[in-house]
There are 2 protein chains.
Amino acid sequence: MSLMTIGKLSGATGVKVTTIRYYESIDLLDEPERSASGQRLYGDAAVERLGFIRHARDLGFPVSAIRELISLQVDPGRDCDLVDQIARRQLGEVRRRLTQLEALEAELKRMITACEGGKIASCSVLAALGHHEQCLHEEHAGKEVLAALPSK
Amino acid sequence: MSLMTIGKLSGATGVKVTTIRYYESIDLLDEPERSASGQRLYGDAAVERLGFIRHARDLGFPVSAIRELISLQVDPGRDCDLVDQIARRQLGEVRRRLTQLEALEAELKRMITACEGGKIASCSVLAALGHHEQCLHEEHAGKEVLAALPSK
DNA sequence: CTACAGTCTACAGTAACTGTAGAGGCAAGA
DNA sequence: TCTTGCCTCTACAGTTACTGTAGACTGTAG
Ligand SMILES: [Zn+2]
Ligand SMILES: [Zn+2]
Ligand SMILES: [Zn+2]
Ligand SMILES: [Zn+2]
């Protein structure tokens, strides 16, 4: 089992060097061995762990959920109820955002198609943005829609 | 035309007091008049402006775009090309996220339905998270999916 | 030996707010 | 008039999940 520097680990997983150090700082990754001069040295387990983290982040799991998942992984004898619950929670979150984004899409599309060009004074996009009362939907989707899951 | 304190403006628009002060600090809102003792006093124009900002934020427009829209509003004689372009850009953004979220939803659903309970050691959710190679999709949606638009 | 790429720590910046502390203001009731 | 209680003020820290920078050191290939 060969040890690799942080750059190799980064290359192997697609996670940036600075992000790896960040994950260590928030205790998502264990502190690795160090070379005599202080450089981090990782084994294959780190590749596994980091791949797991990355996949979960890609799926929008918040770091707090990933932390839970990792702590559950340590004793394989337990029931996976909690794991599945975390995943379902995440699925619920994704579906909630989907619903909101669909509402946003509809409103934006409506706004844009209503505008037939011309001057600012008569632009229906600006008019629609200025007068929320004309919206057919009660509660706005936006507020939660475009955040809270991971970004590029 | 009656002047109102920041609390009244907040009540009239549904934007929190602290958020109003924040918008002022980033120059989205003009500095209002002050009372003798230094309290902010707003007129009806502030209600309009803040309502506009709120609606745009609800639709996921970033603050930078709102700033552009506001600056375009000042001369009503101009063509609304730029306004419409900003709105279409936002619609594109929303659609991009929709696509990504749909991919996430599919993968999460697949993961969850594959798990039939049991022990951690055999949980397919954890297995799927650990082995991205088994994913059918090349590039992951997640990274940009759950952010960049406004959150609650 | 000398480049030059890689690594180290520590800290600041990002987006769009939210929350807190500590001080002062204002209107109504006793 | 005093007091109670809510409102407002400024300034700054905290949130999420990173990203970027500065300045110094390390490791390696030519
Ligand atoms: Zn228009
Ligand atoms: Zn609306
Ligand atoms: Zn399971
Ligand atoms: Zn995947």
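Some points to look at:
- Interchain or long-range residues, amide H under 5 Å from residue B:41's placed H: B:33, B:34, B:35
- Chain A: relative contact order as a whole-number percent, Cα under 8 Å and 6+ apart: 20 percent
- Accessible area of residue A:107 (1.4 Å probe, protein heavy atoms only, ligands and nucleic acids ignored): about 10 Å².
- If only the Cβ of Lys and Arg carry +1 and only the Cβ of Asp and Glu carry -1, the dipole of the protein assembly as shown around its Cα centre is close to 320 debye.
- Isolated Cys residues of chain A, judged by Cβ distance under 4.7 Å to other cysteines: A:115, A:135
- Computed [θ] at 222 nm, deg cm²/dmol, the protein assembly as shown (DSSP H ≥ 4; -39,500 (n - 2.57); rounded to nearest 500): -18000 deg cm²/dmol
- Assigned charges on the beta-carbon of Lys, Arg, Asp, Glu; the range A:6-78 dipole about Cα centre (debye): 260 debye
- Stokes-Einstein diffusion coefficient of the protein assembly as shown, Kirkwood radius over Cα pairs, 25 °C, 0.890 mPa s, in µm²/s: 111 µm²/s
- Over all pairs of different C-alpha atoms, the range B:6-78 has a mean inverse distance whose reciprocal, the Kirkwood radius, equals 12.8 Å.
- The magnitude of the dipole of chain B, with charges of +1 and -1 set on the Cβ of Lys/Arg and Asp/Glu and taken from the Cα centre, is near 540 debye.
- Angle between chain A longest axis and helix A:81-114 axis [Cα atoms, degrees, rounded to 10]: 30 degrees
- Phi to ³J(HN,Hα) by Karplus 6.51 cos²θ - 1.76 cosθ + 1.60 over the range B:7-16, Hz, x for Gly, Pro: x, 5, 4, 4, x, 6, 10, x, 9, 4
- Among B:122, B:25, B:71: highest mean-square fluctuation, GNM of chain B, C-alpha pairs under 10 Å: B:122
- Heavy atoms of residue B:113 accessible to a 1.4 Å probe, total area in Å² rounded to 10: 100 Å²
- Debye-sum result for chain A in log10 I(q)/I(0), which assumes one identical scatterer on each alpha carbon, at q = 0.09, 0.13, 0.21 Å⁻¹: -0.50, -0.75, -1.27
The values are calculated or read from the model by the stated rules, or taken from the named source; none is laboratory data. The structure presented is a predicted model; accordingly, all values stated were derived computationally and were not measured. Every residue, glycine as well, gets a Cβ built from its backbone with ideal geometry; the counts of neighbours run over all protein chains shown. Calculation scope for accessible area: heavy atoms of the full protein, side chains included, ligands and nucleic acids excluded. Shrake-Rupley method; radii C 1.70, N 1.55, O 1.52, S 1.80 Å.
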